[in-house]
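Before any comments, here is the structure.
The values are calculated or read from the model by the stated rules, or taken from the named source; none is laboratory data. No experiment lies behind these values; they were computed from the predicted model shown. With ideal geometry, Cβ positions are generated from the backbone for all residues, glycine too; neighbour counts draw on all protein chains shown. Ligands, DNA and RNA are excluded from the accessible area calculation, which covers all protein heavy atoms including side chains. Shrake-Rupley method; radii C 1.70, N 1.55, O 1.52, S 1.80 Å.
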2 protein chains.
Amino acid sequence: EDGATLFKKKTCFSCHGKDANTPLLPNYPRLAGQNADYALAQMKDIKSGVRNNGQTAGMKGVMHLVNDEEMKAIADWLSGLK
Amino acid sequence: EDGATLFKKKTCFSCHGKDANTPLLPNYPRLAGQNADYALAQMKDIKSGVRNNGQTAGMKGVMHLVNDEEMKAIADWLSGLK
């Protein structure tokens with residue numbers, strides 16, 4: 001499935017905003033236009049726990065919903081947004 | 001000093017790009033327009049080591065150059081960029 005569909009189905013939009021640019025809270029990151037490699041690395045590190053600072057605990061709780069291929073599709077979609 | 005001046009003086013631009021939007025490497029984040037609270041929290045967590053994933057080791061090496069007030073000025077400046 002494509003990144004846009006996954007971003008909805010896997011609940012990402014609920015914290016990061018439908019447009020990936022209007023996060024629910026000011027201490028959540030805006031993701032639209034982010035480098036795909038960087039975004040993918042953060043998803044993987046939060047899923048594995050290698051990154052566990054700030055608000056990542058909440059995100060870690062949903063990362064079981066996505067596999068590597070799906071995280072890549074989401075990261076690529078994000079990087080294409082304005 | 002204001003965030004723009006600090007972003008130059010404290011070497012941030014060398015990895016994140018003069019416009020904070022053209023990072024040196026694809027696994028470095030684009031920062032322009034990022035939420036100020038989020039950006040500040042990441043700077044503090046990388047400086048303290050609470051966040052130490054990915055490429056943060058290199059950044060940790062320069063964080064002694066900035067204090068809390070300067071990090072806040074940089075974060076606020078970043079959030080105002082397009």
Other residues with Cβ under 14 Å from the Cβ of B:N21 give, with Lys and Arg +1 and Asp and Glu -1, a net charge of +4
With a 1.4 Å probe and all protein chains kept in place, how much accessible area does B:R51 have, in Å² rounded to the nearest 10? 10 Å²
Round to the nearest 10 and report in Å² the accessible area of A:F7, as given by a 1.4 Å probe over the protein chains' heavy atoms. 0 Å²
Could you state the principal axis extents of the C-alpha atoms in chain B, from the largest down, to the nearest angstrom? 28, 27, 22
Most fluctuating residue of B:M59, B:M71, B:M43 in a GNM of chain B with Cα springs under 10 Å: which is it? B:M59
Counting protein heavy atoms only and a 1.4 angstrom probe, how many square angstrom of accessible surface do chains A and B bury in total, to the nearest 100? 1600 Å²
Heavy-atom accessible area per residue, the protein assembly as shown, 1.4 Å probe: how many Å²? 52 Å²
How large, in percent, is the carbon and sulfur part of the accessible surface of the protein assembly as shown at a probe radius of 1.4 Å? 57 percent
In B, who owns the beta-carbon nearest the axis carrying B over to A, and how many Å from it? B:R51, 3
Bin by bin, in steps of 5 Å, what percent of the Cα pairs in the protein assembly as shown do you find, going until the bin that has the longest distance? 2, 9, 18, 24, 21, 14, 7, 3, 1, 0
Determine the calculated [θ] at 222 nm for chain B from helices alone, applying -39500 (n - 2.57) to every DSSP H run no shorter than 4 residues and normalising by the residue count; nearest 500 deg cm²/dmol. -14000 deg cm²/dmol
Run the numbers on chain B and let me know its relative contact order in percent, using alpha-carbon pairs under 8 Å that are six or more apart. 41 percent
Kindly give the distances from A:D19 to its copy-mates, label point to label point, with each label point 7 Å from Cα along Cα→Cβ, as nm values to one decimal ordered shortest first. 1.9
